[in-house]
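J.: I'd like to ask some things about the structure below.
Coordinate-derived values only; no laboratory data. Here the structure is a predicted model, which is why all the values come from computation and not from measurement. Glycine also receives a Cβ, built like all others from the backbone with ideal geometry; neighbour counts cover every protein chain displayed.
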Amino acid sequence: MKVLTFDQSRCTRCGACQAVCSLAKKGAAQPSEARIHIRGAEGPEALRAAVCQHCASPVCVTACMRGIIHKNPVTGVVSRKTEDCFRCAACLVLCPVGAVAFDHGADAFVTCDLCGGDPACVQACPTGALRYEDPEEASGALRYQYARKTLGDAEARE
Amino acid sequence: MRVRKMNCVVADLTERTAAVETVEAGVFVSPAGLAERFSARLPEPIVCLCTGVLTGTGAPGSGVMSWGGRAVPAVYAEGRLGAYLRYAGIDALVLAGKSETPLALQIEDGAASLEEAARLDRPGLEEQFLLSAEDTVIAVPEAEGVVENGGFSIGDSRVAGQLREMGLAAIAVTGTGAVAIADSRKFLETVLELYRKAPKPVTPAWQRTDLPAVPYLSVAPEGKAFHPLEARVDLALGVNLDGITAPPERRAYLLRLLGACTGEPWEEAALEEWTAGREEAR
């Protein structure tokens, strides 16, 4: 399964991901209700993407009192039947990455569904800070990036 | 002539009143034109901030807004304030008169009020008026220009000087609403096409690039901060397509965006109205 990854060193905070997500999911430009938010983490220079990670063992699936959140065993995508949501907010409170948003139009809590495998935010991201890729590829790039930063070019290559 | 219903926040700093009024104006109305409309009943000086039809829609470069009035130069700027005004349901600001003590204009999802500013420094104003870290924009007139969250200048030193002279310490906008798009599927298609055309960094995925922040929805970090009001028709409509497309393709994309956004067909002739208006003004 591919995952949505975020490289903060490429993020220019332009807000395109949020605007485009709301266009795709709500049919209007409304960044406050987007399913992805770029937030500051531990200071103004550190950024993270608050977006559903489609966790291996999603706590929202266990927490949901209506049992409307499911993890697809084949694709790994966590999805929900929003029409049956009774807004208890258990998913919102327990989500470890703060990825749950409230959609006033649907009157329900919602999360990123990866746009069926071609996320609009990734297509829009003008710098490639958001990518949709294999986890191995993503973690390899992150490891290399960290090694370069801490050890320098030559040692990182070894 | 195409007309547009605009929700304007009319703030009279002399009387300390702020209210929302809806006016019908041409699609290409300039802030100076809007100021003229209100000049009969509001005290001088009048400074206006206008958004375009496409401001805040999510299209690349759609953070464009324009300043103008009798006492300030007319300029386009890119930033968060115009877009968040539209998310708050407001299309323009009409700021008039002078206050003896510093005031802040606070707009919260369609409601406007003038409040006494307890402190005049940016941290103090943020402490008083920042309602939400994610959904509030605070623009503060400082010596070098009008500075909004993130440190971007959205108005030059002359606009900032005029606002300070009027006694306006800050404009705080909280917007959680939506900018309606008539044909969102077609609009999104065009928007994604434009984002894909935007220049990308050439460094490989594993390399840190530490790109600098850019103004809201902007894709051209090295672009100019301000444009003269005579600049281009796309800026007049609230979007800066510089660095993404060039004429004549730019016009074709603009017409597609406008058509999908408003739900009405837009043709080249409609854009000529702007050119004709500029020449007439000259």
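J.: Counting Lys and Arg as +1 and Asp and Glu as -1, each charge on the Cβ, what is the dipole of the range B:141-253 about the Cα centre in debye, to the nearest 20? Walk me through the intermediate numbers first.
T.: Numbers: 12 positive and 14 negative charges, 79 e Å.
It works out to roughly 380 debye.
J.: What is the antiparallel percent of DSSP beta bridges lying wholly in the range B:6-160, to the nearest 5? Intermediate values should be presented prior to the final figure.
T.: Numbers: 34 of 39 bridges.
Close to 85 percent.
J.: Expressed in whole Å with the largest first, what are the equivalent ellipsoid semi-axes of chain A derived from the C-alpha gyration tensor as the square root of 5 times each eigenvalue?
T.: 29, 18, 14
J.: How big is chain B in terms of Cα radius of gyration and Dmax, in angstroms?
T.: Radius of gyration, then largest Cα-Cα span, for chain B: 18.4, 61 Å.
J.: Further question on the same structure: What does the average come to when, for each residue of peptide A:114-126, you count the partner chain Cβ atoms lying within 10 Å of its Cβ?
T.: Partner-chain Cβ atoms within 10 Å, mean over residues of A:114-126: 3.
J.: More than 13 angstrom separation, counting every C-alpha pair in the range B:1-47; what % is that?
T.: 59 percent
J.: Still on this structure: Among A:M1, B:M65, which comes first, second and so on when ranked by fewest other beta-carbon atoms within 10 Å?
T.: Final ranking by Cβ density, sparse to dense: A:M1, B:M65.
J.: How large is the helix-only mean residue ellipticity at 222 nm for chain A, computed as the sum of -39500 (n - 2.57) over DSSP H runs with n ≥ 4, divided by its residue count, in deg cm²/dmol to the nearest 500?
T.: Details: 6 runs with 48 residues, N = 158.
Helix-only estimate at 222 nm: -8000 deg cm²/dmol.
J.: Based on other C-beta atoms within 10 Å, arrange B:S62, B:S153 from fewest to most.
T.: B:S153, B:S62
J.: Let me ask you something else. Which three extents, in angstrom, do the Cα atoms of the protein assembly as shown have along their principal axes, listed largest first?
T.: Largest to smallest, the principal-axis extents are 68, 50, 49 Å.
J.: Report, for the protein assembly as shown, the % of DSSP beta bridges that are antiparallel, rounded to 5.
T.: Rounded to the nearest five, the antiparallel share is 85 percent.
J.: Next question, about the same structure. Tell me the Kirkwood radius of the range B:121-223: reciprocal of the mean inverse pair distance over distinct alpha-carbon atoms, in Å.
T.: Values: mean 1/r = 0.0599 Å⁻¹.
After inverting the pairwise mean of 1/r, the radius is 16.7 Å.
J.: Out of every Cα pair in the range A:1-45, what percent are spaced more than 17 Å from each other?
T.: On the way: 405 of 990 pairs.
That tail contains 41 percent of the Cα-Cα pairs.
J.: Across peptide B:175-188, what mean number of C-beta atoms from other chains lies inside 10 Å of a residue's C-beta?
T.: Rounded to a whole number, the mean comes out at 5.
J.: Have a look at B:A11, B:L49, A:C125 and report the one farthest towards the positive end of the charge dipole of the protein assembly as shown, computed about the Cα centre with Cβ charges (Lys/Arg +1, Asp/Glu -1).
T.: A:C125
J.: Rounded to the nearest 5, what % of DSSP beta bridges with both residues in chain B are antiparallel?
T.: Around 80 percent of the beta bridges assigned by DSSP in chain B are antiparallel ones.
J.: Here's another thing I want to ask about it. Rg and Dmax of the range B:22-124 over Cα atoms: what are they, in angstrom?
T.: Looking at the range B:22-124, its Cα Rg and Dmax stand at 14.2, 41 Å.
J.: For A:D7, what is the net charge nearby, where nearby means another residue's Cβ is under 9 Å from its Cβ and Lys, Arg count +1, Asp, Glu -1?
T.: On the way: positive: A:R10, A:R131, B:R208; negative: none.
Charge balance near A:D7 sits at +3.
J.: Provide the convex hull volume over Cα atoms per residue for the range B:121-168, in Å³. Write out the running numbers ahead of the final one.
T.: Values: hull volume 3.5 nm³, N = 48.
Measuring per residue, one finds 73 Å³ for the Cα hull of the range B:121-168.
J.: For the range A:118-148 and the range B:148-167, what is the centre-to-centre distance using only Cα atoms, to the nearest Å?
T.: 38 Å
J.: Another question about this same structure. The range B:90-151: Rg/Rh from Cα coordinates, Kirkwood Rh?
T.: Result for the range B:90-151 is an Rg/Rh of 0.93.
J.: Lone cysteines in chain A, defined as no other cysteine's Cβ under 4.7 Å from theirs: which are they?
T.: Flagged as lacking a Cys partner: A:C11, A:C14, A:C21, A:C55, A:C64, A:C85, A:C88, A:C95, A:C115, A:C125.
J.: Once label points are set 7 Å from the Cα along Cα→Cβ at both A:D113 and B:E193, what is their separation, rounded to one decimal in nm?
T.: Taking the simple label geometry, A:D113 and B:E193 are separated by 2.6 nm.
J.: Mean Kyte-Doolittle of at least -1.0 plus a Cα span of 15 Å or more along the axis: flag which DSSP H helices in chain B meet both, please.
T.: Values: long enough: B:184-197 (19 Å, -0.59); B:249-262 (20 Å, 0.14); B:268-281 (20 Å, -0.93).
What comes out of the filter, once short or polar helices are dropped, is B:184-197, B:249-262, B:268-281.
J.: Here is a follow-up. When you take every Cα atom in the range A:103-147, what is the radius of gyration, and what is Dmax, the widest Cα pair distance, in Å?
T.: Computed over the Cα atoms of the range A:103-147, radius of gyration and Dmax are 14.5, 45 Å.
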